[in-house]
Amino acid sequence: MTASSPSDPILKACACMVDSRGRLLVFRHPEDGNMQLPKGTIEPGESPEVAVRRELLEESGIDYAGPLQSLGTLDRECEAGVEGNTHRHPQLWHLFLMRAEGRLPETFLHTATGSPEEEGLVFLFRWLEAGESLDDFALPYRQTIERVRAALLLAA
């Protein structure tokens, strides 16, 4: 196995969980104040499918064992100083649609685990309605949400 070069994208897995009403699970990140989806770095030797389940559990407390629907990948150029990043770098997000099993609360708090950068942070989760504004989301999250909304329309 070769070491990655600075130009290799950092691989991420993004959980796009929807409920029976087609609402998307989102949370407010306490450090940057923006709304986000559960997402994180794919660990060495870990598949995107395993990573997305782990990230959802670490960031929301939801242990999801259901089917994953791939929504493809999203290229992102991450700027320095954004989301705790110290240097500019490319990212490749693997996006997965998940359908919530059973009822989840309308809003809930979860203390993040697993990541040194986010360990102990408290995330406030809620459901994003189908037509709700995306103004509080950074561009890659808006692009991801549009992809989720398109997939839900195709499935309807």
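The values are calculated or read from the model by the stated rules, or taken from the named source; none is laboratory data. Just so it is clear, the structure is predicted and the values come from calculations on it, not from any experiment. A quick note on method: Cβ atoms are made from the backbone with ideal geometry, for glycine too, and the neighbour counts reach across all protein chains shown. Areas reflect the complete protein model, heavy atoms only, side chains present, ligands, DNA and RNA absent. Shrake-Rupley method; radii C 1.70, N 1.55, O 1.52, S 1.80 Å.
Given the conditions (1) part of a loop (DSSP other than H, G, I, E, B); (2) modelled with pLDDT under 95, report the number of the one that Leu153 does not fulfil. Every listed condition holds for Leu153 apart from (1).
Can you confirm whether Leu92 is farther than 28 Å from Arg21 by Cβ and among the aliphatic types (A, V, I, L, M)?
The answer is yes for Leu92.
Scanning the stretch 100-118 for residues that are of a type outside the set (Asp, Glu), on the phi < 0 side of the Ramachandran plot and surrounded by 10 or more Cβ atoms within 10 Å (Cβ to Cβ) turns up Ala100, Leu104, Thr107, Phe108, Leu109, His110, Thr111, Ala112, Thr113, Ser115. So Glu59 clears everything in (1) over 12 Å from Lys12 (Cβ atoms); (2) open to solvent by 30 Å² or more (accessible area, probe 1.4 Å) except one condition, right? Which one? Going through the list (1) over 12 Å from Lys12 (Cβ atoms); (2) open to solvent by 30 Å² or more (accessible area, probe 1.4 Å), Glu59 breaks only (2). Scan the stretch 90-130 for residues that are more than 19 Å from Asn34 (Cα to Cα), small (Gly, Ala, Ser) and touching a residue at least 60 places away in the same chain (Cβ under 8 Å) and the total you get is 2.
Results for (1) open to solvent by 70 Å² or more (accessible area, probe 1.4 Å); (2) at pLDDT 95 or above; (3) aliphatic (A, V, I, L, M), shown as yes or no for each residue.
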| position | (1), (2), (3) |
| --- | --- |
| Thr73 | no, yes, no |
| Ala80 | no, no, yes |
| His89 | no, no, no |
| Leu139 | yes, no, yes |
| Glu146 | yes, yes, no |
